[in-house]
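Below you'll find the structure, written out as structure tokens, and then a few comments.
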Amino acid sequence: MRIGAHVDQNDPLASAQAIGADVVQFFLGDPQGWKKPVIPDAVGALADSGVDVYIHAPYVVNVATSNNKIRIPSRKILTQQLEAAAGVGAKALIVHGGHVLAGDDPETGFENWRKVFERLDCPIPIYIENTAGGGNAMARRFDRIARLWEVLSEVTDVDSKLGFCLDTCHAHAAGEELIDAVDRIKAITGRIDLVHCNDSRDDFGSGADRHANLGNGMIDPDLILSVVRAAGAPIVVETPQDGQAADIALLRSNLT
């Protein structure tokens, strides 16, 4: 089982070696900005390292919204991120599901996602990630994820262009029970492609996206371990940096 972490983009290989990771995820540029992706020189060292790479799209990306000032630049930066991620040898680009405006029918968001896959060339897959909060979110509740997959399955090859990333903190915060989350998601998507393995600083159903190191939050560590075992996918911890090495060691000792 491949286990790693979200690391600093400036020298991801050095970060991986420091914490014992064989998978890294990082941003290509400002996660809160709209500028083109930036590829640091040190990223090239990953090419022959044996470390698997995933790229996380900026948080600002929201292709679901009816707000043209957000949706149109979101599509543009999504294309740029995909091309850049493919260029650094990433296995996939991770993207949040986004949300619609308060007065919008959720179907508007699903249709806007459909238009993305109708028009977008995907040199590597897009993994849509479940999110923690927001009543208007496309991928907070599993019933919304089911509808999104139904729509996207009509217009794209889900085996080569579309994947799913399960975040344990987000599911907990969203009010989705983790004990059977893997079975319920696999019934929708057919598989889980990546796990963001995070504890949560907040209570079940809080809607708060605040990660904690494993065993330092509100989720039973044994429950987290059962989720990642059942998922059978590569694992990325997005936990506070000081505890990432311990998180990876904990997972490796219990899963491999």
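The values are calculated or read from the model by the stated rules, or taken from the named source; none is laboratory data. Being a predicted model, the structure only gives us computed values, none of them experimental. Using ideal geometry, Cβ is built from the backbone for each residue, glycine included, and neighbour counts are taken over all protein chains shown. Calculation scope for accessible area: heavy atoms of the full protein, side chains included, ligands and nucleic acids excluded. Shrake-Rupley method; radii C 1.70, N 1.55, O 1.52, S 1.80 Å.
From zero outward in steps of 10 Å, how is the percent of C-alpha pairs of region 134-237 spread across the bins?
16, 49, 30, 6, 0
Full-extension gain between residue 245 and residue 157, please, as 0.36 nm times their residue separation minus the C-alpha to C-alpha distance.
Extending this stretch completely gives an extra 28.0 nm.
In whole Å, what are the extents of the chain along the principal axes defined by its C-alpha atoms, from largest to smallest?
45, 41, 29
Let me spell out the model: positive unit charges on the Cβ of Lys and Arg, negative unit charges on the Cβ of Asp and Glu, origin at the Cα centre of the chain. What dipole size does that give, in debye rounded to 20?
Computed about the Cα centre, the dipole is about 620 debye.
From the helices alone, meaning DSSP H stretches of at least four residues, give me the mean residue ellipticity at 222 nm for the chain, per-run term -39500 (n - 2.57), in deg cm²/dmol to the nearest 500.
-11000 deg cm²/dmol
Have a look at the DSSP beta bridges in region 105-256 and tell me what percent are antiparallel, nearest 5.
So the antiparallel bridges in region 105-256 amount to around 20 percent.
Once you put a point 7 Å from the Cα of residue 204 and another 7 Å from the Cα of residue 101, both along the Cβ direction, what distance in nm separates them?
Calculated label separation equals 3.7 nm.
So if I take the centroid of the Cα atoms in region 211-243 and the same for region 1-75, what is the distance between those two points in Å?
20 Å
Would you mind checking the pairs 91/115; 69/115; 35/91 and listing those with alpha carbons more than 20 angstrom apart?
Going by Cα-Cα distance, 91/115; 35/91 fall outside the 20 Å limit.
Note down the nm distance, to one decimal, between modelled labels 7 Å out along Cα→Cβ at residue 177 and at residue 115.
3.9 nm
Starting from one equal scatterer on each C-alpha and no solvent at all, send me the Debye-based log10 I(q)/I(0) for region 192-255 at q = 0.20, 0.24 Å⁻¹, two decimals.
Treating every Cα as an identical point scatterer, log10 I(q)/I(0) equals -0.75, -1.07.
Straight distance only, please: which aspartates and glutamates reach the Cα of residue 36 with their own Cα at less than 13 Å, same-chain residues fewer than 8 apart left out?
Counting by Cα, and skipping residues close in sequence, residue 36 has these aspartates and glutamates nearby: 83.
Could you tell me what percent of the accessible area of the chain is made up of carbon and sulfur, with a 1.4 Å probe and every protein chain present?
That fraction is 47 percent.
Working out 0.36 nm times the residue gap between residue 67 and residue 41, then minus their Cα-Cα distance, what length gain in nm do you get to one decimal?
5.8 nm
Counting DSSP beta bridges with both partners in the chain, what percentage is antiparallel, nearest 5?
Antiparallel: roughly 10 percent of the beta bridges in the chain.
Take peptides 129-141, 22-34, 101-113 and line them up by average Cβ neighbours within 10 Å, highest first, as a rough protection proxy.
Listed from highest to lowest mean packing, they are 129-141, 22-34, 101-113.
Taking only protein heavy atoms into account and a 1.4 Å probe, give the accessible area per residue of the chain in Å².
Accessible area per residue, the chain: 41 Å².
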